[in-house]
Amino acid sequence: YFDYQKHSAGTGPQDCSGLDLSGFDLVNTPTRNSKETLDKKLIADVLTFAWDCTARNTEQKPCVVLITSDGDYAYTLAKLRDRGVMNIVMYGKDCSVAQILVENADVSLSFERDVLSEQPVAISPAKPATEETSSRSTHLFFKSIPELEHVNEFVQFIEREYNAPVQRAYMFRIPDRFCSCVHIQFTNTNDGARILNVARSGRISFRGRNIIADFDTKIPTEHSISRAS
């Protein structure tokens, strides 16, 4: 998406021919000195693409990839995810990435570090479990969950689908984003680590939405935890 007039004046992308030969579709977007013009056209095209792909094939969900650090796209990503469309955000090395953008992305990647890097990922040898890591593995924080009436809705899903007994669970809602977050303490350490790996691979889907999870370092105090029945 670019303004051809700015390109002609030497202020836009300089290698349009190279981009075209590389298979990119160049969309001329006259900005009329307003950044929102480009944003609105891009958002409309993204939503149309997701709608068309879903209408053609209801079994295989589309994937949208945005190279941006702009938090203005967070709401669009949230709506895509609500409808089962996977989204990936890539951001540049020197960009200040909006946290809300990362939170609403199924996957967020640094373009230089995660995409262009040819360095092999070093795998550290497994370390013996300590009391601290064992405790940490039992506490997971799940976010971007479709809005819940009660924490047991999600707890029962986790216990049923992943055979992981839950000792305690605490839920709080984010009304303006129509979603819930859940802190779960698992009975067994191995269950916490196992489910975290599943979530990080994008394979926990609850009510059509991919659920994000991580170790919970801010463990709720005893009085703030609702026991799952």
Please state which one of Asp114, Asp72, Asp52, Asp82 is among the acidic types (Asp, Glu) and under 27 Å from Gln5 (Cβ atoms).
Asp72
Quick one: how many residues across region 12-21 are modelled with pLDDT under 75, out of contact with any helix residue (DSSP H, G or I) (no Cβ under 9 Å at 6 or more places or on another chain) and not acidic (Asp, Glu)?
3
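The rows are residues; the columns are (1) open to solvent by 70 Å² or more (accessible area, probe 1.4 Å); (2) in a loop (DSSP other than H, G, I, E, B); (3) aliphatic (A, V, I, L, M); (4) modelled with pLDDT under 75.
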{"residue": "Thr37", "(1), (2), (3), (4)": "no, no, no, no"}
{"residue": "Lys40", "(1), (2), (3), (4)": "yes, no, no, no"}
{"residue": "Ala44", "(1), (2), (3), (4)": "no, no, yes, no"}
{"residue": "Phe49", "(1), (2), (3), (4)": "yes, no, no, no"}
{"residue": "Thr54", "(1), (2), (3), (4)": "no, no, no, no"}
{"residue": "Ser69", "(1), (2), (3), (4)": "no, yes, no, no"}
Only one of these is outside any helix (DSSP H, G or I), crowded, with 17+ Cβ neighbours inside 10 Å and modelled with pLDDT under 85: Ala193, Ala228. Name it.
Ala228
Any idea how many residues of region 165-190 are buried (at least 19 other Cβ atoms within 10 Å of the Cβ) and either basic (Lys, Arg) or assigned to a loop (DSSP other than H, G, I, E, B) (or both)?
1
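Residue-wise test of (1) at pLDDT below 50; (2) open to solvent by 60 Å² or more (accessible area, probe 1.4 Å); (3) of a type in the set (Ser, Thr, Tyr); (4) under 25 Å from His183 (Cα atoms).
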{"position": "Ile88", "(1), (2), (3), (4)": "no, no, no, yes"}
{"position": "Gly92", "(1), (2), (3), (4)": "no, no, no, no"}
{"position": "Val107", "(1), (2), (3), (4)": "no, no, no, yes"}
{"position": "Gln119", "(1), (2), (3), (4)": "no, yes, no, no"}
{"position": "Lys127", "(1), (2), (3), (4)": "yes, yes, no, no"}
{"position": "Glu131", "(1), (2), (3), (4)": "yes, yes, no, yes"}
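The values are calculated or read from the model by the stated rules, or taken from the named source; none is laboratory data. Just so we're clear, the structure is a prediction, and the values are computed from it rather than from any experiment. Don't worry about glycine lacking a Cβ; one is built from the backbone with ideal geometry, like all the others, and counts go over all protein chains shown. Accessible surface areas use protein heavy atoms only, side chains included; no ligands, DNA or RNA. Shrake-Rupley method; radii C 1.70, N 1.55, O 1.52, S 1.80 Å.
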